[in-house]
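Some notes on the structure that comes next.
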Amino acid sequence: DGTVTSTTHDGQPAALWEFTWNGFTTAEGARHTYDLCWEEGGRMYDVWVSAPVGKVTQAKEYFDVALDTFVAP
């Protein structure tokens, strides 16, 4: 599964990519990823969080905090 949604980040056009994949190893199991990309000041930024599918709610909370606290250099 996977979706790409047009959105914004701090007023900049952005793309939110959300998908589930098989993980790094079979033992690890499936993972769900939240990934936001945007361009600011001529630079491309990409913030993402990936977690086991059983912890998708916690992953979304971490993702939101990462975005809320990210400061471009």
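If you check F24 against the conditions, is it touching a strand residue (DSSP E or B) at 6+ places or on another chain (Cβ under 9 Å), more than 24 Å from P73 (Cα to Cα), surrounded by 12 or more Cβ atoms within 10 Å (Cβ to Cβ) and of a type in the set (F, W, Y)?
Criteria not met by F24.
Give all pairs with beta carbons closer than 6 Å in which a residue from region 37-55 that is under 12 Å from H9 (Cα atoms) and polar (S, T, N, Q) meets a residue that is at pLDDT 95 or above and assigned to a strand (DSSP E or B); count only pairs at least 6 apart in sequence or on separate chains.
Filtered contacts from region 37-55: no entries.
Please work out if G41 is surrounded by fewer than 17 Cβ atoms within 10 Å (Cβ to Cβ) and in contact with a helix residue (DSSP H, G or I) (Cβ under 9 Å, 6 or more places away or on another chain).
Spelling it out, it is not the case that G41 is surrounded by fewer than 17 Cβ atoms within 10 Å (Cβ to Cβ) and in contact with a helix residue (DSSP H, G or I) (Cβ under 9 Å, 6 or more places away or on another chain).
Looking at region 25-35, can you tell me whether even one residue there is touching a Pro at 6+ places or on another chain (Cβ under 8 Å) and of a type in the set (A, V, I, L, M)?
Yes, that holds for at least one residue.
The values are calculated or read from the model by the stated rules, or taken from the named source; none is laboratory data. Note that the structure is a prediction, hence the values are computed from the model and not measured. A quick note on method: Cβ atoms are made from the backbone with ideal geometry, for glycine too, and the neighbour counts reach across all protein chains shown.
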